[in-house]
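The values are calculated or read from the model by the stated rules, or taken from the named source; none is laboratory data. Remember, predicted model here, so these are calculated numbers, not experimental data. We place every Cβ from the backbone using ideal geometry, glycine too, and count neighbours over all the protein chains shown.
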Amino acid sequence: MPDVQAFEAHAPDADLDDLRARLAAARLPEAETVHRARRWDQGVPLADLAEVVDYWRTGYDWRSFEERLNEIGQFRTTIDDVGIHFLHRRSTRADATPLVLTHGWPGSIAEFVDVVDELADPEDPDAPAFHVVVPSLPGFGYSDKPATTGWGTEKIAAAWVELMGRLGYDEFVAQGGDWGGVITTILGGRFPDHVLGIHATTAQAPPGLATDGLTAAEREWAEDTDHFWHHRAAYAKQQATRPQTIGYSLVDSPVGLLAWILDKFAEWSDTEDSPFETISRDRVLDNVTLYWLTRSGASAARIYYESHNSLDPELRVDVPSAITVYPRDIEKHPRPWVRERFRQIVRWRAPERGGHFPSLEVPGYFVQDVREGLAAVLAARR
């Protein structure tokens, strides 16, 4: 397949030495001025950050993550002059369905490395199997950094259709959360001839819907989501309006990059205090180190500049859709609202545990949920 080239990750030793030297020379601020019980109120607490920085410098092993990526299978292809990197794990099952998994920010392909094998080749022969494709968004990881504007979610969705076609997958299912959820929504809405159905953990309703008729729990979801965007989304406004400015810090300072990303893993996960209650410290550092080594802090932030609040209010998704809303996610749209955009919801779940990063927080449940959700989607097509 001439349009697709195999790819292997291997950071130069000099880059890893430079990272450790920068971590050793880091200048940290004084501790936060908050009460102990509310210690995350001003962001990542000094003690927590210092501990992770020390582990990153002295104990963390990037090479094991590189080996894992190479083991899954990595490739690159060029679409509209931008190189797109992706993982591709073909199932051994003859009845497997092609699946594209799309990450968001501040995530990456690191979100899915622990679930790819189970989705591709489940131990249970009765469970659905998938040929799994995990692209890196443009500007993220080993994908190219777009040199011009225009690479918003609509163009990315179209690129994914082209990518899947190059792999021989003219029809496929799609899954995603965060920006991946938006892209998955667009895939389902714009490309019904190629997309058999979708599973989304970020399912945005059209704007401006009334709360009349919502249950108390649904109204609380709507209020929580509104509160998030009005009081806890400064990061999004910054990256949507001044990605270049914050980008200098994210590309020049590994500690600044770590704090910017770790803050979101802490606030958006289903934990009481530290994200490491449920998410592996190594996986978080795999994700952050991928940003660092590829110098993608600025280019990844630009997806907000390209796409913040840009989902077409009129877009409707008529293909079968499975929706899962995790209790500690940042956007929880009530089902009556979601039905206004997603016209054929074949499965709806609101589990008791999990947040914005379910594939890392509750990977076992995530795999089962994606399997069952997409099985319902495919059954609806028959």
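I'm checking my understanding of the structure. Among residues of segment 1-15 that are without any contact (Cβ under 8 Å) to a residue 60 or more places away in the chain and closer than 20 Å to Trp56 by Cβ, which one is nearest to the chain's Cα centre (by Cα)? Step by step, filter segment 1-15, then rank; the result is His10. The single residue among Ile198, Ile156 that is farther than 20 Å from Gly355 by Cβ, among the β-branched types (Val, Ile, Thr), part of a helix (DSSP H, G or I) and at pLDDT 95 or above turns out to be Ile156. Checking Ala120 against (1) surrounded by fewer than 21 Cβ atoms within 10 Å (Cβ to Cβ); (2) within 20 Å of Tyr365 (Cα to Cα); (3) in contact with an Asp or Glu (Cβ under 8 Å, 6 or more places away or on another chain); (4) of a type outside the set (S, T, N, Q): exactly one of these is not met. Which one? For Ala120, the failing item is (3).
For segment 52-84, the set of residues classified as surrounded by 11 or more Cβ atoms within 10 Å (Cβ to Cβ) and either more than 30 Å from Val134 (Cβ to Cβ) or of a type in the set (Val, Ile, Thr) (or both) consists of Val52, Val53, Asp54, Ile72, Thr77, Thr78, Ile79, Val82, Ile84, listed by residue number. Inclusion of Ala129 among residues that are touching a residue at least 60 places away in the same chain (Cβ under 8 Å) and either touching an Asp or Glu at 6+ places or on another chain (Cβ under 8 Å) or closer than 19 Å to Pro98 by Cβ (or both) is not warranted. Criterion applied to Asp95, Asp48 was being in a helix (DSSP H, G or I) and not polar (S, T, N, Q), and the one residue passing it is Asp48.
Given the structure, is Ala26 of a type outside the set (Val, Ile, Thr), more than 24 Å from Ser274 (Cα to Cα), touching a helix residue (DSSP H, G or I) at 6+ places or on another chain (Cβ under 9 Å) and surrounded by 10 or more Cβ atoms within 10 Å (Cβ to Cβ)? For Ala26, the condition - of a type outside the set (Val, Ile, Thr), more than 24 Å from Ser274 (Cα to Cα), touching a helix residue (DSSP H, G or I) at 6+ places or on another chain (Cβ under 9 Å) and surrounded by 10 or more Cβ atoms within 10 Å (Cβ to Cβ) - is not met. Scanning segment 313-332 for residues that are touching a Pro at 6+ places or on another chain (Cβ under 8 Å) and of a type in the set (Ser, Thr, Tyr) returns Thr324, Tyr326.
Residues that are hydrophobic (A, V, I, L, M, F, W, C) and over 23 Å from Thr185 (Cβ atoms) within segment 111-136 comprise Val113, Ala120, Ala127, Ala129, listed in sequence order.
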